[in-house]
Amino acid sequence: MSALTTGDVIGGKWRIIRLALGDEPGSEFRVEPTGGGAARRLTLWRALRAPAPIELERFAQAVRTGDRLGMPTFPPVEDVGFDTAREALWLVREWRNGESLPSALGGLHPVGLDLPILQSLAEQLAGALAAAHAAGVVHGRLRPSRLFVAPSPRGMRLSLLDLGLESFRRESGHDWLKPPQMGADYVAPESGHPSALPASADVFSFGLIVRDMLATRRDGAWKGRWEPWVERATEAAPGSRFGCVIEALRALRPVLKSLPDLPPPPPPNYERELDK
């Protein structure tokens with residue numbers, strides 16, 4: 001299996017520009033059309049064998065699930081294929097500037113995430129998941145590294161990647177398409193069963209992702225106010241969780257409203273700067 005490098009062409013029309021940050025090494029790239037045009041994001045998934053034509057067609061249909069929902073949260077998928085040299089399924093979608101949620105949270109001021117941003121991201125994620133569930137689709141492997149955030153004229157924009165992929169893997173590729181190695185802690189206990197993915201799995205993951213954002217408040221101002229919500233959202237038994245992501249969101253709103261939105265403390269060198 002050969003690795004992709006700058007200048008390589010995949011699918012006959014996508015030229016590698018550079019490696020992009022993803023949740024698994026060597027799986028994400030910034031690419032451009034060989035004939036010129038705007039940059040896109042290429043994602044690879046390692047496979048144990050080449051898919052049959054009907055399997056590749058089903059893969060294309062599955063990963064375009066978000067396109068059919070018509071929501072800006074799901075970046076449109078432009079092209080799909082299988083690369084024999086890399087033994088990988090691949091897809092190309094719109095390139096969106098920004099960074100993964102873990103990267104964004106890791107670069108915060110020590111006080112934590114601003115409440116309006118936290119609420120906006122939670123609302124966007126819950127809305128996208130609710131729309132998918134209404135269409136009969138469960139993400140199933142929701143994790144922070146598949147969420148991208150970027151500033152926009154209307155505030156922070158959330159992008160959710162890979163809707164439909166886990167359903168395809170379980171239904172058509174469980175014996176030849178390798179599951180992601182990252183984010184196992186965000187997978188609900190019931191996802192280990194071979195049955196169809198229940199929407200409760202996404203409630204579990206939603207709870208942990210919101211927990212990650214709430215836990216960024218490091219000065220203790222929010223301590224004891226949000227933990228019961230997370231505990232219910234992430235109960236081991238699906239029936240003990242919120243009934244759906246919208247119910248979880250409705251319960252979250254008063255929790256967020258109760259949190260003090262205090263200004264961050266001055267930096268350690270603040271007084272020295274004033275004395276200059």
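The values are calculated or read from the model by the stated rules, or taken from the named source; none is laboratory data. Because the structure is predicted, anything quoted here is derived from the model rather than measured. For neighbour counting, all protein chains shown are included, and Cβ atoms are generated from backbone atoms with ideal geometry for every residue, glycine included. Side chains are part of the model used for accessible areas, which takes the heavy atoms of the whole protein and leaves out ligands, DNA and RNA. Shrake-Rupley method; radii C 1.70, N 1.55, O 1.52, S 1.80 Å.
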Pick from Arg250, Arg218: which is open to solvent by 70 Å² or more (accessible area, probe 1.4 Å), over 20 Å from Ser145 (Cβ atoms) and assigned to a helix (DSSP H, G or I)? Arg250
Given the criteria touching a Lys or Arg at 6+ places or on another chain (Cβ under 9 Å) and either under 26 Å from Arg49 (Cα atoms) or in contact (Cβ under 8 Å) with a residue 24 or more places away in the chain (or both), does Leu161 qualify? yes
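Determine, yes or no, whether Gly7 is open to solvent by less than 50 Å² (accessible area, probe 1.4 Å), part of a loop (DSSP other than H, G, I, E, B) and free of Cβ contacts under 8 Å to residues at least 24 places away in the same chain.
Numbers: open to solvent by less than 50 Å² (accessible area, probe 1.4 Å): yes; part of a loop (DSSP other than H, G, I, E, B): yes; free of Cβ contacts under 8 Å to residues at least 24 places away in the same chain: yes.
When the stated conditions are applied, Gly7 passes them.
Specify which of the listed residues (Ser167, Ser159, Ser191, Ser195) is at pLDDT below 90, closer than 24 Å to Ala233 by Cα and not in a loop (DSSP other than H, G, I, E, B).
The unique qualifying residue is Ser191.
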Qualifying residues in the range 114-145 (those that are out of contact with any Leu (no Cβ under 7 Å at 6 or more places or on another chain) and outside any helix (DSSP H, G or I)) - the one farthest from Asp202 (Cα to Cα): Asp114
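Any chance the range 127-138 includes a residue that's touching a residue at least 40 places away in the same chain (Cβ under 8 Å), more than 22 Å from Gly66 (Cβ to Cβ) and crowded, with 17+ Cβ neighbours inside 10 Å? Can you show your working first?
First, the residues of the range 127-138 that are touching a residue at least 40 places away in the same chain (Cβ under 8 Å): 127-133, 135, 137-138.
From what is left, the residues that are more than 22 Å from Gly66 (Cβ to Cβ) are none.
No, every residue in the range 127-138 fails to be touching a residue at least 40 places away in the same chain (Cβ under 8 Å), more than 22 Å from Gly66 (Cβ to Cβ) and crowded, with 17+ Cβ neighbours inside 10 Å.
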For the list (1) touching a residue at least 40 places away in the same chain (Cβ under 8 Å); (2) open to solvent by less than 50 Å² (accessible area, probe 1.4 Å); (3) over 22 Å from Thr6 (Cβ atoms), I need the number of the one condition that Val77 fails. (1)
Within the range 46-57, considering residues that are free of Cβ contacts under 8 Å to residues at least 40 places away in the same chain and part of a loop (DSSP other than H, G, I, E, B), the one least open to solvent (accessible area, probe 1.4 Å): Ala52
Is it the case, given these coordinates, that Gly183 is free of Cβ contacts under 8 Å to residues at least 24 places away in the same chain and of a type in the set (Gly, Ala, Ser)? no
What's the number of the only condition in (1) touching a residue at least 60 places away in the same chain (Cβ under 8 Å); (2) closer than 18 Å to Glu235 by Cα; (3) open to solvent by 30 Å² or more (accessible area, probe 1.4 Å) that Asp202 fails to meet? (3)
Arg225 being at pLDDT 95 or above, outside any helix (DSSP H, G or I), surrounded by 13 or more Cβ atoms within 10 Å (Cβ to Cβ) and basic (Lys, Arg): yes
Residues of the range 153-182 being touching a Gly at 6+ places or on another chain (Cβ under 7 Å) and surrounded by fewer than 16 Cβ atoms within 10 Å (Cβ to Cβ), which ones? none
Please name all residue pairs, on different chains or six or more residues apart, with Cβ atoms under 8 Å, provided the first residue is in the range 13-25 and is more than 19 Å from Gly36 (Cα to Cα) and the second residue is part of a loop (DSSP other than H, G, I, E, B) and open to solvent by 90 Å² or more (accessible area, probe 1.4 Å). Asp23/Met182; Glu24/Gln181; Glu24/Met182
Mind listing whichever residues of the range 85-107 are over 14 Å from the mean Cα position of the chain (by Cα) and open to solvent by 50 Å² or more (accessible area, probe 1.4 Å)? Ala85, Glu87, Glu94, Asn97, Gly106, Gly107
Could you check the range 45-71 and list, in sequence order, the residues that are of a type in the set (Lys, Arg) and touching a Pro at 6+ places or on another chain (Cβ under 9 Å)? Arg58, Arg64
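I'd like to know if the range 37-45 contains one or more residues that are of a type in the set (D, E, K, R), open to solvent by less than 70 Å² (accessible area, probe 1.4 Å), under 24 Å from Gly183 (Cβ atoms) and not in a helix (DSSP H, G or I). Outline the logic, then answer.
Restricting attention to the range 37-45, the residues satisfying the condition of being of a type in the set (D, E, K, R) are 40-41.
After this cut, where a residue has to be open to solvent by less than 70 Å² (accessible area, probe 1.4 Å) as well, the list is 40-41.
Remaining after also requiring under 24 Å from Gly183 (Cβ atoms): 40-41.
This time we only want the ones that are not in a helix (DSSP H, G or I), so: 40-41.
Yes: one or more hits.
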